[in-house]
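Below is one structure, written out as structure tokens; the observations come after it.
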């Protein structure tokens, strides 16, 4: 018995047809994906610092967007731009976002980034996070009625420096010499220094103000601290300082100086004490506002969000290493104790 081979036609032609069809299908899928990508709104986020220290804040921003139904890579594209601590780069980075016609510009780390964005465009919506008064720096007409193309979240960290000094007095009641470190490149540095000077005068403290705008200058400031032998250090509110928090904490520990900071993140990393609004929460709210604007809301109609709660965080391990006894009054008022 013989078996004949079934005939399927010209195999070369069929193979070419198959390959051609597969390629066409793949091309169609690629075009579809590219079309979807091109229709996603792009949110440009402008950071004055570098990436690593801001990772947790970026996560909170994404959570806020998710709360309003926007997921990065699915129905929105988030583009992160970093000035790497060079404030002079902010205008060029903002202009780049405008050229790319992003849907929303989000600015972080104080008023300089927001001012750069506003100077670059009066049409693209801007959502800012800042520790200063946005009215004072011309970002909005008023907190309740921003007007223009910008709104956002403020956590008023500069206004809280006097409160931090009150806590410092409870923490080290015998201290008479206090040091304060500020970043001269920060637009609200002078305002914060004045507040510190007023509080120190009222407490009868001798105050030494130091300035640092680079990692080397932070090292130099701590070298000066060794000579001054202050009872405590207050670290000014500044996004660059936040990005260098590990350096501050290591130097404070090395020189056995009790230090107080603006944000919880410092204390989680080993700092002694912080008092301020939750910066992480501010970024989440900025994400929510960004989503609302993508849904059609106008910045002029969205009031600037303000903190409703301030956190006192104390690191008991650091206090023990400094041989400090935390009063029961402070312990009871603490929102979080790191053990």
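Laboratory data are not the source of any read-out in this text; all were calculated from the coordinates shown. Source: prediction; values computed, not measured. Neighbour counts are summed over all protein chains in view; Cβ atoms, including those assigned to glycine, are modelled from backbone coordinates with ideal geometry.
Here are some notes:
- Here residue 68 and residue 269 are evaluated by their C-beta separation; at R0 = 35 Å the FRET efficiency comes out at 0.70.
- Normalised by the number of residues in the chain, the average gap of Cα pairs under 8 Å and 6 or more apart makes the relative contact order 19 percent.
- Chain lengthening between residue 51 and residue 327 when straightened (0.36 nm per residue, less Cα-Cα): 95.6 nm
- Rounded tilt (10° steps) of 90-99 against the dominant C-alpha axis of the chain: 30
- The range 197-339, relative contact order in percent, only Cα pairs under 8 angstrom and at least six apart counted: 18
- Once P(r) over Cα pairs in 10 Å bins from 0, in percent is calculated for the structure shown, the corresponding label among (i) 6, 27, 33, 22, 10, 2, 0; (ii) 5, 23, 28, 18, 11, 5, 4, 3, 2, 1, 0, 0; (iii) 6, 17, 19, 18, 15, 11, 7, 4, 1, 1, 0 turns out to be (ii).
- Its DSSP H runs of at least 4 residues, each contributing -39,500 (n - 2.57), put the calculated 222 nm mean residue ellipticity of the chain at -13500 deg cm²/dmol, to the nearest 500.
- Rounded FRET efficiency, nearest 0.05, which uses the C-beta distance separating residue 79 from residue 253 and R0 of 51 Å: 0.85
- Cα long-axis angle, helix 189-203 against the chain (0 to 90 degrees, to the nearest 10): 30
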